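Notes for the one structure printed next.
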Amino acid sequence: MKLTLTAALLGGAALASPALADCTQEAFAIDGVSITGAEALPAGDDSPLPHCRVTGRINERTGADGRAYALDFELRLPDEWNGRFVHQLNGGNDGEVKPAVGPLLGGNKADTALSRGYAVVSSNAGHDGKAVTDAGLAGGARFGFDPAARAAYGYTAVRDLNPVAEALTEGYYGKEIAYSYGVGGSNGGRHAMVAAARYPEMFDGLLIGYPGFNLPKAALQHALDVQSFRSVSDTLATAFSREDLSLVAGKVLAACDGLDGLEDGVIADADACQTTFDPASLTCTAGQNSGCLTEAQTAALVTIHAGPKDADGKQLYSDWNWDSGIGSGNWRFWKLESPIPPWEQKPIIAVMGAASLAQLFTTPPTEVGGSPAELEQYLMEFDIAAEAEKIYATTAEYPESAMDYMTPPGADNPDLAAFRDAGGKMLILHGTSDPVFSVRDTQTWYDTLDANNGGNAEAFALFYRNPGMPHGAGGPSTDDYDVMTPLVNWVESGEAPGAIVAGVTEGNAEGQAALGNVTRKLCPYPTVARYTGSDPASAESFTCQ
């Protein structure tokens, strides 16, 4: 499937040197590409191995909003190259060139694509998130007032940068790339799924973590969360204490932990848990004033787990799992409270989430104030039933809706036939306690993909759920896993992945406290890791069934 990237792909532009070049700006000269830096970096604290770090810029322009835009990138080229390329697909609102080291989605942050010898590119997706300095915390999403910047964030940045980065890589080493991979989590996972649908021959393999492929729909949940929590208390942080959410996690575990055959702090059978756990068990009974929630608290949790709905009760996004990760710091950080003083300790959804819903995911965009209070108030006043249609809206100035430019084409009824027929492979990992993008939405997407491929989606796409994992590696879950090697073996040797053994890193305090020093199996969906052996600490005692 690998496309040979020649000068023809760049409109006749040619590399300055066809052979292995020195790490200098002159060595990377391509027409239409501004190389802004090149330096040879030795192995060190921020450099896992000797490599050439190249920075550059393409697509410079003035936007419809009068602001300057450009697609800035960083390319890292290891001295000892393994012949492969990774496009690092970044998260959040992008807007920053993250170091191009290629995180591989696990809890071991030292294990990166660069450390394994891959060439890696990273970008800002076509906008500078710090360019707007007069909009407070809303500034990072102000690019939503430029239609082309929206499109770049959604899909054109990957389309435009990938051939440039691959050509620079091939020119530097004087040989073709053997295999290309796209790797990303969260919004980066969305980027990867968009690439599979829009550019099915771009990547040989895609490693996708906890993807926000329905991000505009998921943004509606932010308003539901804030409104529900504020119905309990005057502030988000006081709606639920840490002890309250630990209580909820404990109640869910008590009901569901043993469904997989072993009470070990892991709810492997998440689907069975949704019908087993009764939220009413959380509420204080007559005369009870501890070890329980108020009726208002329970009602708020039931509402947010049901997901946003329109006036007729139609689902606007997805429902959510009741799961043990609700007690994690990550869940709280996203939904209730942060430790960040400039945010006035408000959670991510009330700051970044509010600004994005207002300026990126609804059309036309709404200029929202940039103080923490103003952003939270925007979500409080957002009429979900009446305004949800704005994620599908277009205007003459904004001809693409948020759903058009953000989601993979055909995401509501996927078959990915072109990606499949080109030989592409994808591996998707999602935590069952994700507070940002519902694993149940990913599950529904995969079920539909499987049905549309005659029950054989596993021939090119595999989906793994990690019990207890919130948004990204960590929390009361296993986080020490390697999901890149199984994908590579699948792509390059035809070895389809099976169960993936996962442990708990020493740095994952919540995982160590909940699980201890154990190993478990991450099973290909829809199978579940069930206890069938003797040693409860060993993954070998579990079978994917």
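The values are calculated or read from the model by the stated rules, or taken from the named source; none is laboratory data. Please read these numbers as outputs of a predicted model, since none were measured by experiment. Using ideal geometry, Cβ is built from the backbone for each residue, glycine included, and neighbour counts are taken over all protein chains shown. Heavy atoms of the whole protein, side chains included, go into the accessibility calculation; ligands, DNA and RNA do not. Shrake-Rupley method; radii C 1.70, N 1.55, O 1.52, S 1.80 Å.
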note = Expected output for region 279-292 (first residue within 16 Å of E243 (Cα to Cα) and without any contact (Cβ under 8 Å) to a residue 24 or more places away in the chain, partner open to solvent by less than 70 Å² (accessible area, probe 1.4 Å) and outside any loop (DSSP other than H, G, I, E, B), Cβ below 7 Å, 6+ apart or cross-chain) is T283/L293; T283/T298; C284/L293
Unmet criterion (only one of (1) farther than 29 Å from G140 by Cα; (2) touching a Phe, Trp or Tyr at 6+ places or on another chain (Cβ under 6 Å)) for G307 = (1)
request  = Please give the number of the condition R57 fails out of (1) within 24 Å of A149 (Cα to Cα); (2) touching a residue at least 60 places away in the same chain (Cβ under 8 Å); (3) open to solvent by 70 Å² or more (accessible area, probe 1.4 Å).
outcome  = (2)
inquiry  = Any residue that is charged (D, E, K, R) and open to solvent by 10 Å² or more (accessible area, probe 1.4 Å) - is there at least one of those in region 188-195?
reply    = no
note = Of (1) touching a residue at least 60 places away in the same chain (Cβ under 8 Å); (2) on the phi < 0 side of the Ramachandran plot, G410 satisfies every one except (2)
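Scan region 131-139 and tell me whether some residue there is assigned to a helix (DSSP H, G or I), over 25 Å from H430 (Cβ atoms) and open to solvent by 10 Å² or more (accessible area, probe 1.4 Å).
So far as region 131-139 goes, yes, one or more of its residues are assigned to a helix (DSSP H, G or I), over 25 Å from H430 (Cβ atoms) and open to solvent by 10 Å² or more (accessible area, probe 1.4 Å).
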request  = Name every residue in region 215-255 that is more than 30 Å from A411 (Cα to Cα), touching a residue at least 24 places away in the same chain (Cβ under 8 Å) and among the charged types (D, E, K, R), in order of residue number.
outcome  = R230, R242, D244, K251
Residue satisfying condition, being open to solvent by 10 Å² or more (accessible area, probe 1.4 Å) and without any contact (Cβ under 8 Å) to a residue 40 or more places away in the chain, within set K425, K390 = K390
message = Exactly one condition in (1) open to solvent by 30 Å² or more (accessible area, probe 1.4 Å); (2) outside any loop (DSSP other than H, G, I, E, B) is false for V232; which is it?
response = (2)
message = I'm told G307 meets every condition in (1) more than 22 Å from the chain's Cα centre (by Cα); (2) on the phi > 0 side of the Ramachandran plot except one. Can you identify the failing condition by its number?
response = (1)
note = Within region 60-76, the residues that are buried (at least 16 other Cβ atoms within 10 Å of the Cβ), small (G, A, S) and part of a loop (DSSP other than H, G, I, E, B) are G63
request  = Hey, can you tell me all the residues within region 319-364 that are part of a loop (DSSP other than H, G, I, E, B), among the hydrophobic types (A, V, I, L, M, F, W, C) and open to solvent by 40 Å² or more (accessible area, probe 1.4 Å)?
outcome  = I340
request  = Considering every residue within region 36-51, establish whether at least one is among the polar types (S, T, N, Q), open to solvent by 50 Å² or more (accessible area, probe 1.4 Å), in contact with a helix residue (DSSP H, G or I) (Cβ under 9 Å, 6 or more places away or on another chain) and over 30 Å from G431 (Cβ atoms).
outcome  = yes
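Would you confirm, using the coordinates I've provided, whether D22 is closer than 15 Å to E170 by Cα and part of a loop (DSSP other than H, G, I, E, B)?
yes
Looking only at region 163-187, how many residues end up being among the acidic types (D, E) and either open to solvent by less than 20 Å² (accessible area, probe 1.4 Å) or assigned to a helix (DSSP H, G or I) (or both)? Let's see the steps before the verdict.
To start, the set of residues in region 163-187 that are among the acidic types (D, E) comprises 166, 170, 176.
Filter again for either open to solvent by less than 20 Å² (accessible area, probe 1.4 Å) or assigned to a helix (DSSP H, G or I) (or both), leaving 166, 170.
So the count comes out to 2.
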message = Can you find a residue that is crowded, with 20+ Cβ neighbours inside 10 Å and within 30 Å of M484 (Cβ to Cβ) anywhere in region 236-248?
response = no
inquiry  = Anything in region 470-512 that is open to solvent by 50 Å² or more (accessible area, probe 1.4 Å), part of a loop (DSSP other than H, G, I, E, B) and hydroxyl-bearing (S, T, Y)? List them, or say none.
reply    = none
key: Conditions (1) farther than 21 Å from H471 by Cβ; (2) open to solvent by 40 Å² or more (accessible area, probe 1.4 Å); (3) not polar (S, T, N, Q): number failed by I384   = (2)
inquiry  = Looking only at region 262-281, how many residues end up being more than 28 Å from the chain's Cα centre (by Cα) and either basic (K, R) or farther than 24 Å from D441 by Cβ (or both)?
reply    = 4
remark   = Of (1) within 13 Å of V121 (Cβ to Cβ); (2) open to solvent by 10 Å² or more (accessible area, probe 1.4 Å); (3) in contact with an Asp or Glu (Cβ under 9 Å, 6 or more places away or on another chain), A157 satisfies every one except (2)
query = Among the numbered criteria (1) more than 21 Å from the chain's Cα centre (by Cα); (2) in contact (Cβ under 8 Å) with a residue 24 or more places away in the chain; (3) surrounded by fewer than 20 Cβ atoms within 10 Å (Cβ to Cβ), which single criterion is violated by A529?
reply = (3)
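Report yes if M484 is over 16 Å from A539 (Cα atoms) and either among the β-branched types (V, I, T) or in contact with a Gly (Cβ under 6 Å, 6 or more places away or on another chain) (or both), otherwise no. Give the steps one after another, and end with the answer.
Details: over 16 Å from A539 (Cα atoms): yes; either among the β-branched types (V, I, T) or in contact with a Gly (Cβ under 6 Å, 6 or more places away or on another chain) (or both): no.
Answer is no for this residue.
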ask   = Which members of region 428-467 meet the condition of being over 21 Å from the mean Cα position of the chain (by Cα) and buried (at least 18 other Cβ atoms within 10 Å of the Cβ)?
value = D450, N453, A457
request  = Would you please list the contacts, defined by Cβ atoms under 6 Å and residues six or more apart or on different chains, that run from a residue in region 77-99 that is of a type in the set (G, A, S) and surrounded by fewer than 17 Cβ atoms within 10 Å (Cβ to Cβ) to a residue that is part of a loop (DSSP other than H, G, I, E, B) and modelled with pLDDT of 95 or more?
outcome  = G83/A178
